[in-house]
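Okay, structure first, notes after.
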Amino acid sequence: MESDEEAGYSVSKIAIVLCIGLSLAPQGANLMAGSWHTAGSLRCGDCHIQHGSENNQPLPGGPFVYLLRKTTINELCLSCHDGTDATAPDIVDPVQMYQATATGESSAGYFAMPGINNPNGHTLDLMVATPLQTGASTQVLTCASCHAVHGNGNYRNLLEDPMNNGGSIGLSLGTNVFEAASPPDPPTVSGAVAAYERSNVAYVSNYSGWCVSCHDLLAANNQSTLPAHFSGHPSDVSLNAFSPAPHTDPTPWRLGDGQGFVGPNDPDGISRVPFLNPQGVDIATARTATEYSQVFCLSCHKAHGSSHQKSVLWPLFEGGPAFIAGCQQCHNK
Ligand code: HEC
Ligand code: HEC
Ligand code: HEC
Ligand code: HEC
Ligand code: HEC
Ligand code: HEC
């Protein structure tokens, strides 16, 4: 694709037509790995510039390390992912693109601007201590702390070993995660909205283990003395794990019409929170809520951030009528 760009508009148009004609099948296959910035969709020129000059104009401030188009990774990625490029999912607050969808947000949620301490999720570009980690190591989070910049086999190109401690966490589309609509190739505005909207995605397994590679103190769901089941809120445990005396309410959860859910029973309800369905084998089964549904990190937190403290999906700390909506969906109180 790079040489197409350099050769000019008319040639690249022909090349695009040819690409579409020739490569429908391989693209379909690609979509089982990470779906963009990977294999056939890794377009070097999106992020690198060869001679620090384009259309006879030198790159302002450049050249930059590794011939990148911008001086830092966050600046580079956000040059498209901050809403500037309408076909690229916007991941910096404020995000407008999902307004007309069922949940009104993407599956990952959004960051504050880099360099600003973010009380509502992960902070970018500042040295921060890692909470709930044995070593409480300090790090500067960039996109490359969590995503493989050249793509890999995981859902959303998520790194297999974010803490570099020798792990290898598989989060494959079609096994651990399912999506109804795939990101379109070539990207489109409406296609991006459909592909990255929260309810497009359903989860089966391995996800908490990925978060726990940095937050390792949550690796074990430490059991406690009865009648308490655990010494902290568990993850990867199903609603009916302690049947017939669970601390959950599987029936309203399954039906989706009790306290906490959007609907006649609760004017302040919210969309069903994400969950793992360990029995999911396709998007339809993965999406189906049952008494075997498992609570996991994304049932309560957005991966990037939210508009609520601690990246929680609902206003747990801010208060208001929906302050326990998410808890209510599983614990009808
Ligand atoms: C030139 C614009 C551009 C730049 C620069 C860019 N992206 Fe993207 N990115 C896109 C577009 C467009 C999509 C959506 C593709 C689609 O919908 O088919 C995308 C999709 C993604 C996805 C979702 C992939 C998937 O498998 O669903 C991730 C993750 C991502 N980008 C991360 C990054 C990171 C990290 C960087 C910086 C290293 C970056 N992007 C730089 C345009 C860009
Ligand atoms: C989505 C953005 C993005 C795209 C597309 C991309 N790169 Fe990169 N590339 C990066 C970033 C960011 C770094 C710096 C990584 C770091 O600092 O750890 C990098 C580093 C590199 C490096 C030096 C480090 C290394 O891994 O050897 C090479 C070489 C490279 N890229 C080649 C390519 C080629 C060839 C392509 C096209 C097939 C490509 N890149 C496409 C973002 C991208
Ligand atoms: C702390 C880890 C982490 C960091 C840092 C991070 N991401 Fe993500 N990102 C994720 C996870 C996890 C997902 C998948 C969420 C889901 O759908 O389950 C994701 C999803 C995405 C998506 C899909 C769109 C969406 O809103 O769901 C894009 C695009 C993306 N990331 C780009 C970026 C870019 C660009 C950066 C840097 C500015 C970045 N990410 C930094 C963890 C991270
Ligand atoms: C690469 C390491 C890394 C990964 C992977 C990671 N985190 Fe974090 N997390 C951090 C760091 C560093 C902070 C501290 C950020 C700050 O102070 O804003 C943090 C903070 C948090 C916070 C507190 C946010 C706040 O506003 O105080 C939550 C909640 C969180 N992470 C949840 C998650 C979840 C859920 C996942 C998996 C989707 C995840 N993390 C994956 C490194 C990571
Ligand atoms: C997606 C479902 C889900 C959500 C959302 C959820 N929980 Fe839970 N919760 C569970 C499961 C599953 C268990 C473990 C099963 C059991 O203890 O019987 C559990 C256990 C508990 C327990 C008992 C722990 C013990 O040691 O016995 C408490 C207390 C609790 N949750 C409180 C909360 C609060 C407060 C919230 C909201 C901030 C919340 N839960 C959100 C599913 C959920
Ligand atoms: C039932 C809801 C729920 C689940 C499930 C859950 N969390 Fe949390 N988490 C919270 C709440 C609420 C807080 C805020 C704690 C507080 O300040 O009382 C929090 C706080 C955090 C923090 C910040 C701690 C600090 O010291 O600032 C991190 C990091 C975190 N969670 C990561 C995770 C990860 C990783 C998972 C999955 C393994 C997970 N959480 C599962 C509700 C949950």
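Given the rule -39500 (n - 2.57) for each run of at least 4 DSSP H residues, summed and divided by the residues of the chain, what is its mean residue ellipticity at 222 nm, to the nearest 500 deg cm²/dmol? All intermediate terms of the calculation are to be shown ahead of the outcome.
Values: 11 runs with 75 residues, N = 333.
Only helices count here, giving -5500 deg cm²/dmol.
Using the Kirkwood radius over C-alpha pairs as Rh, can you work out the diffusion coefficient of the stretch 249-333 via Stokes-Einstein at 37 °C, viscosity 0.692 mPa s, in µm² per second? List each step's numbers first, then the result.
Working: Rh = 13.2 Å.
Reported coefficient: 249 µm²/s.
Suppose we keep just the alpha-carbon trace of the chain; what are its Rg and Dmax in angstrom?
In Å, with Rg to one decimal and Dmax whole: 21.5, 73.
When LYS70, LYS302 are ordered from fewest to most other Cβ atoms inside 10 Å of their Cβ, what list results? List each step's numbers first, then the result.
On the way: LYS70 17, LYS302 26.
Least crowded to most crowded, the residues run LYS70, LYS302.
Once you have the alpha carbon radius of gyration of the stretch 232-274, what is it after dividing by 2.2 N^0.38 Å, with N set to its residue count?
Details: Rg = 11.7 Å, N = 43, 2.2 N^0.38 = 9.2 Å.
In units of the 2.2 N^0.38 Å rule of thumb, it is 1.27.
Taking one equal scatterer on every alpha-carbon of the stretch 160-304, how large is log10 of I(q)/I(0) by Debye at q = 0.15 1/Å?
Log10 of I(q)/I(0), two decimals: -0.90.
Taking the Cα centre of the chain as the origin and placing charges on Cβ (Lys, Arg +1; Asp, Glu -1), which of SER106, PRO252, GLY170 is farthest toward the positive end of the dipole?
PRO252
Sort the stretch 37-181 into rounded, prolate or oblate with this rule: let a ≥ b ≥ c be the square roots of the eigenvalues of the Cα gyration tensor; rounded if a/c is under 1.5, and if a/c is not under 1.5, prolate when a/b is larger than b/c, oblate otherwise. Please list the in-between numbers first.
Details: a/c = 1.35, a/b = 1.23, b/c = 1.10.
Verdict is rounded for the stretch 37-181.
Just so you know, all these numbers are worked out from the coordinates, no wet-lab data involved. The model shown is predicted, which means the values in this text are computed figures rather than measured ones. Note that we place each Cβ from the backbone using ideal geometry, even for glycine, and neighbour counts take in every protein chain shown.
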